[in-house]
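This report refers to the structure that appears directly beneath it.
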Amino acid sequence: MNYDLSQLPERTSKPREQGYTMVMDKGMSLREVEDFLEVGGSYTDVVKLGWATSYVVPNLKRKLDIYRAAGIPVYFGGTLFEAFIIRNQFDDYRRLLDSFGMEYAEVSDGSIDLDHGRKCEYIRELSKSVRVLSEVGSKDAEKIIPPYKWISQMETELEAGAIKVIGEAREGGNVGLFRSTGEVRSGLVEEILTKIPSEKILWEAPQKAQQVWFIKLLGANVNLGNIAPNEVVSLETIRLGLRGDTFTHFLDMDAVDPMFRPAAKTTKPGTSMPRG
C-alpha cells in the first residue's frame, strides 16, 4: 500500500483460499487486459471468461498468456461447459481444457436441465486434472430453488471434488441469490450458511450494494465473484472499510478520536430509564 492507516481489517494474502475476488472478463481486448492488470491485478485472484466469450474473442491464446504472466488463473464460463454438454461433447471439452493448459474449470447447469447425479460425475471426472468450481442456481428468474435444495446440491458437489461452489447471480446480479431488483435473498443466504462453510462459497455479487451486504455479513475476506474489471479497486476499498458504505464497520469506536464517537445516551438527574 502507499501509506499506513490503522484499524484496517486483515486481508488474506495471495495465493489465497479465502477472500477471493473473481473478475468477469466479458470480452476485453489485449490492451484492456494489460491496463486492467496494471491497477487491479494485485487484488484479483481468478478471472472468468464470461459465458462462451472465449469462442468468439480474438487472440484467445495471447490473452491467456497475459493473465498467466501476471500469475492470475483463468477459466471458461460455465455456459461454455453447458454448450459442450448439451451437444454431447464432454470429451471435446476436456481436450479443449488440455489444449489451452487450463488449471480451472466451471461446471454449471444454469441454462440446461442436467441430472444432478450426472453433474457430480462431471465434477469428479474433471477434478482429476483441474480445480473445479461448480455453480448452483438457475439463470431462469422464474425458477425459484428452495434453500434445502441449494444446500443439498452444494454439499454433494463439494463432496464430488469441487474446490468451491458458486452462488448463481448472472452478470447482472438479478437472479438466483438475488431478487429481480438486485435485493439479496437474505433468508436463503443465511440458511445456506448454517450448513456450508463460508470459505467454500463464492458469491456472485456484481452490484456494489450486494458486495457491501456480504462484506458486512461475512467480513473483509468473503469470496465474491462476477466483479467488473473497473470495479476491482473499488471493491478492495469496500473490503478495507475505506469507502463510505463500510467506513465505520471495521473500526473500534473506543479507539477513534473522541469527537467522532457516538454520543452516549444519558438521562436527566432524578429520572429513571424507561422500563422495556
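Among the residues of the range 30-56 satisfying the criterion of being in a helix (DSSP H, G or I) and charged (D, E, K, R), which is farthest from residue 82 (Cα to Cα)? Result: 38. Among the residues of the range 62-78, is any of a type in the set (Ser, Thr, Tyr), in a strand (DSSP E or B) and within 17 Å of residue 229 (Cβ to Cβ)? Yes; the residues of the range 62-78 include at least one that is of a type in the set (Ser, Thr, Tyr), in a strand (DSSP E or B) and within 17 Å of residue 229 (Cβ to Cβ).
Results for (1) surrounded by 12 or more Cβ atoms within 10 Å (Cβ to Cβ); (2) at pLDDT 95 or above; (3) acidic (Asp, Glu); (4) on the phi < 0 side of the Ramachandran plot, shown as yes or no for each residue.
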site	(1), (2), (3), (4)
83	yes, yes, no, yes
87	no, yes, no, yes
109	yes, no, yes, yes
116	yes, yes, no, yes
139	yes, no, no, yes
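Against the test of being free of Cβ contacts under 8 Å to residues at least 40 places away in the same chain and on the phi < 0 side of the Ramachandran plot, the options 50, 41 yield a single qualifying residue, 41. Applying the criterion of at least 3 residues that are touching a residue at least 60 places away in the same chain (Cβ under 8 Å) to the strands (runs of 3 or more DSSP E) found wholly in the range 140-248 leaves 224-227. Restricting attention to the range 79-92, does a residue exist that is in a helix (DSSP H, G or I), within 19 Å of residue 162 (Cβ to Cβ) and polar (S, T, N, Q)? The answer is yes, given that some residue of the range 79-92 is in a helix (DSSP H, G or I), within 19 Å of residue 162 (Cβ to Cβ) and polar (S, T, N, Q). Against the criterion of being within 20 Å of residue 44 (Cβ to Cβ) and either surrounded by fewer than 21 Cβ atoms within 10 Å (Cβ to Cβ) or within 16 Å of the chain's Cα centre (by Cα) (or both), residue 214 qualifies.
Here's the yes/no breakdown for (1) surrounded by 13 or more Cβ atoms within 10 Å (Cβ to Cβ); (2) under 14 Å from residue 205 (Cα atoms); (3) at pLDDT 95 or above:
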position: 227; (1), (2), (3): yes, yes, yes
position: 236; (1), (2), (3): yes, yes, yes
position: 242; (1), (2), (3): yes, no, yes
position: 246; (1), (2), (3): yes, no, yes
position: 249; (1), (2), (3): yes, no, yes
position: 254; (1), (2), (3): no, no, no
position: 262; (1), (2), (3): no, no, no
position: 266; (1), (2), (3): no, no, no
position: 272; (1), (2), (3): no, no, no
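Scanning the range 124-137 for residues that are more than 21 Å from residue 50 (Cβ to Cβ) and either modelled with pLDDT under 95 or buried (at least 17 other Cβ atoms within 10 Å of the Cβ) (or both) gives a single hit, 127.
The values are calculated or read from the model by the stated rules, or taken from the named source; none is laboratory data. Remember, predicted model here, so these are calculated numbers, not experimental data. Virtual Cβ from ideal backbone geometry, glycine too; neighbours counted across all protein chains shown.
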